[in-house]
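Below is one structure, written out as structure tokens; comments come after it.
Read-outs throughout are calculated quantities, based only on the coordinates presented, and are distinct from any laboratory measurement. Predicted model, so just to flag it, every value in this text is computed and none were measured. When we count neighbours, we look across all protein chains shown, and the Cβ atoms used for this are built from the backbone with ideal geometry, even at glycine.
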Amino acid sequence: MKVTVVKAAGGTGEIEVADATFAVPYKQHLIHQIVVAYQAGGRAGTRAQKNRSAVSGSTKKPWSQKGSGRARAGQIRSPLWRGGGKTFAATTQDFSQKVNKKQRRVALRSIVSELIRQDRLIAVDEFQTGPKTRDLLTKLAQLGVKERSPNVLIVSETVDEPMALAARNLYRVDVRSSDWVDPVALIGHEKVIMTVGAVRRLEEMLA
């Protein structure tokens, strides 16, 4: 199939891309599985509380079982005592889910193909801008992206420092290299601007 390319000098052109990568059916169930697994892998899971074996303190019985007139007590680490351990203490968890490489490639192919069908993917021959946010907004406006609160993902072969500096003040504008594209980033933006080099690199990765 052919994809329209917007030229920096003006006008448009076309490039030939593989149908096996950019013209595949939309597989919603697989994309949902991949997105859930990706988001689950980003969870820290570092919460932790101390149970009665983890808190400090003696395990000696504080007083006799009978005869003192006080309630029965086995140790000062009891959850009933102030400073004691938690009854059902939270522990660190690993929320990551296993995803096969083949599944991830198929899901990315499906997402990219759907972006093309919905006219959300804009291919450009090059994308360069200065370090000023104003310059980036002007560049995006030329490509038809709304100037107020743009929601766009910019994918290039390599991310240069001026582009990263220009985009860091725009919280809905994300800049990625083609090697670090993930399904959540592709789905979560209204528009995806991708250079020809990034398209070729993505085509090579997903082949």
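Values as computed for the structure displayed
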item	result
Order of S96, S156 - criterion: other Cβ atoms within 10 Å of each residue's Cβ, fewest first	S96, S156
Normalised contact order of the chain, rounded percent, pairs of Cα under 8 Å and 6 or more residues apart	23 percent
Stretch gain in nm, segment A54-T12, where the contour uses 0.36 nm per residue and the Cα spacing is subtracted	8.5 nm
Helix 133-142 vs. the chain, principal-axis angle (Cα, 0 to 90°, nearest 10)	50 degrees
Given charges at beta-carbon only (K, R positive; D, E negative), |dipole| of the range 1-154 in Debye	1920 debye
Rg/Rg_ref, the range 48-91, where Rg_ref = 2.2 N^0.38 Å and atoms are Cα	1.26
Spherically averaged projected area in nm², based on the convex hull that wraps the Cα atoms of the chain	17.6 nm²
Two-site label geometry, D125 and E190: point separation in nm, points 7 Å out along Cα→Cβ	2.8 nm
0 to 90° range, to nearest 10: angle between helix 28-41 axis and the chain longest Cα axis	50 degrees
DSSP-defined antiparallel bridges as percent of all bridges, the chain, nearest 5	25 percent
Euclidean distance between Cα centres, the range 144-205 to the range 46-96, Å	52 Å
Helix axis angle, 101-117 relative to the chain longest principal axis, alpha carbon, degrees	50 degrees
The range 9-83, relative contact order [Cα under 8 Å, separation at least 6], %	22 percent
